[in-house]
Amino acid sequence: MSSNISVRSLVGYLIKQSQHAVRTSMDQELRRLDLTTSQYALMRAIDETPGSSGAELARLCFITPQSVSELVKGLLEQKLIERTSSETHGRVIEVRLSTRGREQLRKAEMLVRALEEKMLVGMTIKQRNSLSSMLRLCVENLSKMDGES
């Protein structure tokens, strides 16, 4: 690769720049609901994968299990989640969204969807689908590399 190519034109750099812009915008929007992006991600993961372990939730949210524990503590204090005994494993404690948590998640999802729509302004449906497919392929390609080492 030529050293004359600006780092700002590299796809990986543009992905990181996009990720940073999305995260900054999400933080700003979710602050209106007294939520962080990490709390929102954890609430989504809890809602979508009931009964998941802390380690599973951490993987889904791109954070450590220790961070999950801290986030759970905060969400419990805000009464956005509740602990319940597992229906299948009596001694296992699971976290679930509370009624208030489901309502907050619904509001947060509306904000996040509106933000994504702003990000994609000017793209046709075909371009949006193409972008999604290409990004998924990038993730798959790098995941294969991880498996090789």
Q. Over 20 Å from HIS20 (Cβ atoms), touching a residue at least 40 places away in the same chain (Cβ under 8 Å) and surrounded by 14 or more Cβ atoms within 10 Å (Cβ to Cβ): does that describe VAL112?
A. no
(Q) So the check is Cβ under 7 Å with 6+ separation or different chains; which pairs have a first residue in region 97-108 that's farther than 13 Å from LYS79 by Cα and part of a helix (DSSP H, G or I) and a second one that's at pLDDT 95 or above and not basic (Lys, Arg)? (A) LYS107/LEU33; ALA108/LEU30; ALA108/LEU33; ALA108/LEU35; ALA108/TYR40
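Report, by residue number, each residue of region 65-83 that is in a loop (DSSP other than H, G, I, E, B) and more than 20 Å from GLN28 (Cα to Cα).
Once the filter is applied, which keeps residues that are in a loop (DSSP other than H, G, I, E, B) and more than 20 Å from GLN28 (Cα to Cα), region 65-83 yields only LYS79.
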Q.
among the hydroxyl-bearing types (Ser, Thr, Tyr) and closer than 25 Å to LEU135 by Cα: is that true of THR37 in this structure?
A. yes
**Q.** Only listed residue being of a type in the set (Val, Ile, Thr), surrounded by 15 or more Cβ atoms within 10 Å (Cβ to Cβ) and out of contact with any Gly (no Cβ under 7 Å at 6 or more places or on another chain), chosen from VAL72, VAL68
**A.** VAL72
(Q) Suppose we filter LEU30, LEU57 for residues that are at pLDDT 95 or above, among the hydrophobic types (A, V, I, L, M, F, W, C) and touching a helix residue (DSSP H, G or I) at 6+ places or on another chain (Cβ under 6 Å); which single one remains? (A) LEU30
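Among the residues of region 37-64, write down those that are farther than 17 Å from ARG96 by Cα and either in contact (Cβ under 8 Å) with a residue 24 or more places away in the chain or part of a helix (DSSP H, G or I) (or both). Even if it seems obvious, please write down each step before you answer.
So in region 37-64, the residues farther than 17 Å from ARG96 by Cα come out as 37, 59, 62-64.
Matches in region 37-64: THR37, ARG59, ILE63.
The values are calculated or read from the model by the stated rules, or taken from the named source; none is laboratory data. Here the structure is a predicted model, which is why all the values come from computation and not from measurement. Virtual Cβ from ideal backbone geometry, glycine too; neighbours counted across all protein chains shown.
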